[in-house]
Amino acid sequence: MDDELMRIGVSIPAQLLSAFDQVISKRGYSSRSEAIRDAIRGYLLDYESFSQTEGEQIGVITLVYNHEQRGLISLLTDIQHENARIITSTIHIHLDAKNCLEIDVVRGSAADIRGFAERMMVQSGVFQVRVFVIPALSLRNVDKGTQNRANIG
């Protein structure tokens, strides 16, 4: 990797930058630049890990978005309908006057889940998308005795 530093300009809402500055101060970063580089490294590691997931998966996708964003609800609904074969359940929660949390329980191929999540995360007005999946096969290998004990009480 080239070690040459590049300068970039980024537009960030004042409230988000203020919150970021507080975190980097608490963590002891020497500069915003170093904290941003760490954040980008973490983002790239998450992407790499998720992009290498294969096989049938079961999990949840959480989505936080601004429901006042023009056309966003209709677009997200269309994306969900296009992926109905992998969505087993959806929970919608109103966080405040303009923000919503949606939780989609999914089961399907890693590629289908990844495609679904990535289509939602790039939409304007979507603040955060998190994906947690485990191989569906691992659920089949659970010891039946353990499984029965877990269901008691």
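Compute the normalised compactness of the range 8-88: alpha-carbon radius of gyration over 2.2 N^0.38 Å, N being the residue count.
Scaled against compact globular proteins, the figure is 1.51.
Any idea how far apart Q22 and K98 come out in nm if each label point goes 7 Å out from Cα toward Cβ?
Each label point lies 7 Å from its Cα, and together they span 1.9 nm.
Net charge near I87: determine it from the other residues with C-beta under 12 Å of the C-beta of I87, scoring Lys and Arg +1 and Asp and Glu -1.
Once positives and negatives cancel, what remains is -2.
More than 17 angstrom separation, counting every C-alpha pair in the chain; what % is that?
Of all Cα-Cα pairs in the chain, 72 percent lie more than 17 Å apart.
Calculate how steeply helix 72-82 sits against the longest principal axis of the alpha-carbon atoms of the chain, using the helix alpha-carbon long axis, and give the answer as 0 to 90 degrees to the nearest 10.
Between the helix axis and the principal axis of the chain, the angle is about 40 degrees.
Extent of the range 54-140 along each principal axis, from alpha carbon coordinates, in Å, largest to smallest?
On the principal axes, the range 54-140 reaches 42, 21, 17 Å in Cα extent.
Summing +1 for each Lys or Arg and -1 for each Asp or Glu, what net charge is found among the other residues whose Cβ lies under 9 Å from the Cβ of F116?
That sum, taken over residues with Cβ under 9 Å, equals -2.
Of the options Q128, I24, S109, report the single residue whose Cα projects farthest towards the positive end of the charge dipole of the range 21-140 (beta-carbon charges: Lys, Arg +1; Asp, Glu -1).
Looking along the dipole axis, the top candidate is I24.
Most mobile of G55, G108, G28 per a Gaussian network model of the chain (Cα springs, under 10 Å)?
Looking only at G55, G108, G28, the biggest GNM fluctuation is shown by G28.
Each reported figure results from applying straightforward, stated rules to the coordinates on display, with no laboratory input. Quick caveat, the model's predicted, so the values are computed rather than measured. Counting neighbours? That spans all protein chains shown, and the Cβs are built from the backbone with ideal geometry, glycine included.
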